[in-house]
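Below: one structure, written as structure tokens.
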Amino acid sequence: MGRSWGGWLLPVGLLQLLGPAGACPCRDPRLCRPVTGPAGSEVFVFDVGKETWKSYDWSKITTVAAFGKYDPELMCYAHSKGSRIVLKGDVPLQEIVDPAKRAAWISQQVDLAKKQYMDGINIDIEQEVNETSPEYYALTELVKETTDAFHREIAGSQVTFDVAWSPACIDKRCYNYTGIAEACDFLFVMSYDEQSQIWTDCIAKANAPYLQTLAGYEEYIAMGIDPKKLVMGVPWYGYDYVCQNLSVDHVCSLPKVPFRGAPCSDAAGSQVPYAAIMKQVNSSLSGLLWNEVQKAPFYEYKDSVGQFHQVWFDDPQSISLKAAYVKSRGLRGIGMWNGNSLDYSREAAAEQQTQAMWQALTP
């Protein structure tokens, strides 16, 4: 990397002298204090581990959701930049129907956040829920009680909840969206994997088509959810589909892979990070193409056994359009899954592509 990051952490020997786990791992103990900045516009970054965070554009980041292994160095560095860093929260819903078990889970999360000097929690529960089930009510209570506990125990802490691109029971996740939005600081709307249930023609489409994405936000807002409670999640990855047939006008027909009741799904394809897409697109059969209806880029290539593929993804052009909506509609902010998906090597072309993706979040 050419830069030394050792200054953010104390040597292990010294840490052991300080006593049990929970001693501040940062060289400057002030970096272990919770971040209590103003609630401005959010740029919410999911980090899945590895070292790439050292190359993020920290001038933009307000919150990092640490979904990888706990990294004290990342915590110290995030705090040095005034960015919050939050835990990942997930629990099987049947386990939290019982209020006592729910309270135990929450108390465990608060303890862990304190021990690791975290600034809150991002609850990521993507399980099926029926509208009248005990889980439906328990989930709303879980979010409310978690928010109350974190706000009480950790100054300035943030509790957020991840929801699908639309509130229309996507993937059979029928949640109490208005209750959950009211109970926590904001919802992170996962505006991607929008082909997880394909009810129309079984063909490859954009991961997050523009109009479909916006329609999801309008549905949340029409329910009475304040736009300031919504952060738009954009994908820094795409889908590579093997076409059963690829027509001259770029229609790629897919094998039927059902998902949660729908006859077809994006499970027919495989997820590809933006870094890999950028390495392949220029040498592909088609080069970079643009679908004006879905406002998304795609390309086509032929693999070593002669099969045609179609790859759909998001790039600075498609993300900028959505970021403009975030601004004009007054949403809380924007974020992505996930920060590790770009090419952070020092190669000139990669640096330019990576910078453009960060820039697109806040045009």
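The values are calculated or read from the model by the stated rules, or taken from the named source; none is laboratory data. Model, not experiment: these values are computed from the prediction. Using ideal geometry, Cβ is built from the backbone for each residue, glycine included, and neighbour counts are taken over all protein chains shown.
Below are the figures for this structure:
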{"quantity": "The listed residue being closer than 16 Å to ALA323 by Cβ, within 17 Å of the chain's Cα centre (by Cα) and not small (Gly, Ala, Ser), out of LEU211, LEU230", "calculated": "LEU230"}
{"quantity": "Unique residue being surrounded by fewer than 19 Cβ atoms within 10 Å (Cβ to Cβ), at pLDDT 95 or above, part of a loop (DSSP other than H, G, I, E, B) and within 25 Å of the chain's Cα centre (by Cα) when the list is VAL257, VAL305", "calculated": "VAL257"}
{"quantity": "Residue match in the stretch 87-99 (condition: of a type outside the set (Ser, Thr, Tyr), buried (at least 20 other Cβ atoms within 10 Å of the Cβ) and farther than 30 Å from GLY261 by Cα)", "calculated": "yes"}
{"quantity": "Selection count where residues are out of contact with any strand residue (DSSP E or B) (no Cβ under 6 Å at 6 or more places or on another chain), touching a residue at least 60 places away in the same chain (Cβ under 8 Å) and in a helix (DSSP H, G or I), scope the stretch 330-348", "calculated": "1"}
{"quantity": "Exclusive hit being under 22 Å from TYR137 (Cα atoms), touching a Lys or Arg at 6+ places or on another chain (Cβ under 7 Å) and either modelled with pLDDT of 95 or more or not basic (Lys, Arg) (or both), set ILE106, ILE96, ILE123", "calculated": "ILE96"}
{"quantity": "Checklist (1) more than 25 Å from MET232 (Cα to Cα); (2) touching a residue at least 40 places away in the same chain (Cβ under 8 Å); (3) of a type in the set (Lys, Arg) applied to LYS302, failing item", "calculated": "(2)"}
{"quantity": "Search result, residues across the stretch 90-123 that are in a loop (DSSP other than H, G, I, E, B), of a type in the set (Asp, Glu) and over 21 Å from PHE44 (Cα atoms)", "calculated": "ASP98"}
